[in-house]
1. If you plug each phi of region 20-26 into the Karplus form 6.51 cos²θ - 1.76 cosθ + 1.60 with θ = phi - 60°, what whole-Hz ³J(HN,Hα) values come out, in order, with x for Gly and Pro?
2. If you average 1/r over every pair of different alpha-carbon atoms in region 102-147 and take one over that average, what Kirkwood value in Å do you get?
3. Whole-Hz Karplus ³J(HN,Hα) for region 42-55, in order, using 6.51 cos²θ - 1.76 cosθ + 1.60 and θ = phi - 60°, x for Gly and Pro?
4. Give the long-range amide H neighbours of Leu77: residues separated by 5 or more places, or on another chain, with amide H under 5 Å away, using H modelled in the peptide plane at 1.01 Å from N.
5. Please calculate how many Å² of accessible area the chain carries per residue, with a 1.4 Å probe and no DNA, RNA or ligand atoms counted.
6. Please report the Cα spread of the chain along all three principal axes, rounded to whole Å, starting with the longest.
7. Ordered by residue, what ³J(HN,Hα) values in Hz, to whole numbers, does region 94-110 give under the Karplus form 6.51 cos²θ - 1.76 cosθ + 1.60, where θ = phi - 60° and Gly and Pro are x?
8. Work through the residues other than Gly141 whose Cβ is under 11 Å from its Cβ and net out their charges, Lys, Arg +1 and Asp, Glu -1.
Amino acid sequence: MFWHRKYPVLHTQRLILRLPERADYAAWAEVRRASVDFLAPWGPVRKSAYLSQKSFKRGVFSGKRAAIKQISYSFMLIPRTHGQVVGGITLNNIQGGVSQACAIGYWIGEEFARQGYMHEALNAVVHYAFSTLDISRIQAGCLPENAPSRALLEKSGFKYEGVAQSYLQIAGRWRNHVLYAKLRSDRAADAGEADGAE
């Protein structure tokens, strides 16, 4: 991992994880448009402007501002082989003090699903949160029927904690979510998941 303009860049075996840049718009919009039906059941209803270049640029600015304040980090997943965006993963609601906790969320384009990219990215971002941000607890939530997401979390060492009623508004309805968490004290097996500094 190394720092560029105060923003973290993480490296794994196949991926570069970094904050979005304005130049990423075309690649990001392409994968999001191609995956609309694939992603729709698992996310909020999006306004048409969501895929606009103007909206994306606002997101780039706000994402970098949040990273500087250390309240959120939104990483794009970029394979080393072709350099195009395939998905995203975000650490958000970062809290310090007596909490030292955050939440994690992610998405991947349909074409790139089930290829191990998100497992690789998740392990790297979790390692970064624990080792660099001094986070103690990372929480993740997903719909009960989202079997791939649940399997990913369990494979990555997250433990099931229960059900949150009407937790998030997904596809236009308030939905229950199953909650998972991973603690820094559980991370012994994670050592070395992310590659070293460059």
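1. With the stated coefficients, region 20-26 comes to x, 10, 4, 5, 7, 3, 4 Hz.
2. 12.0
3. Residue by residue, region 42-55 yields 10, x, x, 5, 9, 6, 4, 5, 4, 8, 6, 5, 4, 5 Hz.
4. So Leu77 has HN proximity to Val86, Gly87, Gly88, Ile89.
5. In whole numbers, the chain has 54 Å² accessible per residue.
6. Result, largest extent first: 42, 42, 32 Å.
7. So the J values, rounded to whole Hz, are 6, 10, x, x, 6, 8, 6, 9, 7, 10, 10, x, 7, 8, 9, x, 4.
8. Taking every other residue near Gly141 into account, the sum is +1.
The values are calculated or read from the model by the stated rules, or taken from the named source; none is laboratory data. These figures come from a predicted structure and were not determined experimentally. Virtual Cβ from ideal backbone geometry, glycine too; neighbours counted across all protein chains shown. These accessible areas exclude ligands, DNA and RNA; they are computed on the full protein's heavy atoms, side chains included. Shrake-Rupley method; radii C 1.70, N 1.55, O 1.52, S 1.80 Å.
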